[in-house]
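The values are calculated or read from the model by the stated rules, or taken from the named source; none is laboratory data. This one's a predicted model, so the numbers in the text were calculated from it and none came from an experiment. Virtual Cβ from ideal backbone geometry, glycine too; neighbours counted across all protein chains shown. Only protein heavy atoms, including side chains, enter the accessible area calculation; ligands, DNA and RNA are left aside. Shrake-Rupley method; radii C 1.70, N 1.55, O 1.52, S 1.80 Å.
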Amino acid sequence: AQCGVLAPGASAAAERAIAAACAQVAAGTWYTWGGGHGPQPGPTYGQVDPTDPASEHDPERRGFDCSGLVRHAYAEAAGSDILDGVASSQYYTPHASGRFTAAQGLAPLLPGDLLAWGTSQDLHHIAIYLGAGKMVEARQSGTRLMVSDVRMAGYHGAVRIDTGPVTGHVFRTWGTGVWTKDRPSVSAGRVYAFPGPTTIRVQCQKHAEVVTSDGYTNDAWSYLPDYQAWMTNIYIQGPAWLEGVETCRF
């Protein structure tokens, strides 16, 4: 299938990202598990996925996994490595300028938007929308990068990328395996766990449930709009009450 911008409305940066991904399709680049996650964006040799027998040749092949391809495409578009990480961290990026749910379907999407599959807690696949119901993706071991019809089974939603500077109140987390919550409470439902220190955007903060963890006690929680979730300020680098951040009114 044709790989390129298949609908109007894409930004210049999105068009550059699509061109970079489609160049890899034209080159016949392989999917490789773990590929594209070297010190710099670009194809790398993969690894054996212990859950997938088809990955046995991935260490012999230079290529990309799904998030490695997205990282490379948007690094080419932006001129910097703005989407380093796995599918979840790319979907929840502070470089988002718009978000779209699965219930909205494909109608509001533009070429260059990132499509994600899985759940809020476990996003396991990501691809780049081309328009006209098509996407470019690194799909699975044993295949080359390809253009596919968008699969709605398991589709979680999409994010539009702004390659410019991150705006708003930007902070960085610390610790590993720190969960965000759907309410400012330790007993609330889990949304997403930060695998390690992560750049986040904070909309507002408020006093709520007191939390004691890692030698700290604090009742301040911050709302993270990119995750639509809350996080205790204990795990945000900075003072207990973040300077310059307004109080939440909800």
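Only a single criterion out of (1) among the hydroxyl-bearing types (Ser, Thr, Tyr); (2) in contact with a strand residue (DSSP E or B) (Cβ under 6 Å, 6 or more places away or on another chain); (3) more than 21 Å from residue 9 (Cα to Cα) is not satisfied by residue 101, namely (3).
Among the residues of the stretch 224-250, those identified as in a loop (DSSP other than H, G, I, E, B), more than 21 Å from residue 158 (Cα to Cα) and either among the basic types (Lys, Arg) or open to solvent by 40 Å² or more (accessible area, probe 1.4 Å) (or both) are 237, 238, 239, 240, 241, 243, 244, 246, 249, 250.
Suppose we filter 212, 199, 217 for residues that are hydroxyl-bearing (Ser, Thr, Tyr) and touching a residue at least 40 places away in the same chain (Cβ under 8 Å); which single one remains? Of 212, 199, 217, the one residue that is hydroxyl-bearing (Ser, Thr, Tyr) and touching a residue at least 40 places away in the same chain (Cβ under 8 Å) is 199.
Look at residue 119 and say whether it is within 20 Å of residue 65 (Cα to Cα), surrounded by fewer than 20 Cβ atoms within 10 Å (Cβ to Cβ) and touching a His at 6+ places or on another chain (Cβ under 8 Å). Walk me through how you get there before you give the answer.
Numbers: within 20 Å of residue 65 (Cα to Cα): yes; surrounded by fewer than 20 Cβ atoms within 10 Å (Cβ to Cβ): yes; touching a His at 6+ places or on another chain (Cβ under 8 Å): yes.
Yes; evaluated as a whole, the condition is true for this residue.
Looking only at residues in the stretch 48-82 that are open to solvent by less than 20 Å² (accessible area, probe 1.4 Å) and over 15 Å from residue 35 (Cβ atoms), the one that is nearest to the chain's Cα centre (by Cα) is 74. When 112, 142 are checked against the criterion of being surrounded by fewer than 16 Cβ atoms within 10 Å (Cβ to Cβ), touching a residue at least 24 places away in the same chain (Cβ under 8 Å) and either in a loop (DSSP other than H, G, I, E, B) or touching a Phe, Trp or Tyr at 6+ places or on another chain (Cβ under 6 Å) (or both), 142 stands alone in meeting it.
Which of the residues spanning the stretch 195-218 are assigned to a strand (DSSP E or B), open to solvent by 50 Å² or more (accessible area, probe 1.4 Å), modelled with pLDDT of 95 or more and within 16 Å of residue 242 (Cβ to Cβ)? Outline the logic, then answer.
Looking only at the stretch 195-218, we keep the residues that are assigned to a strand (DSSP E or B), and these are 199-202, 204-213, 216-218.
So of that shortlist, the ones also open to solvent by 50 Å² or more (accessible area, probe 1.4 Å) come out as 199, 207, 209-210, 212, 216-217.
Still in the running and modelled with pLDDT of 95 or more: 207, 209-210, 212, 216-217.
Selection gives 207, 216.
Between 153, 188, the distinction of being surrounded by 13 or more Cβ atoms within 10 Å (Cβ to Cβ) and outside any strand (DSSP E or B) belongs to 188 only.
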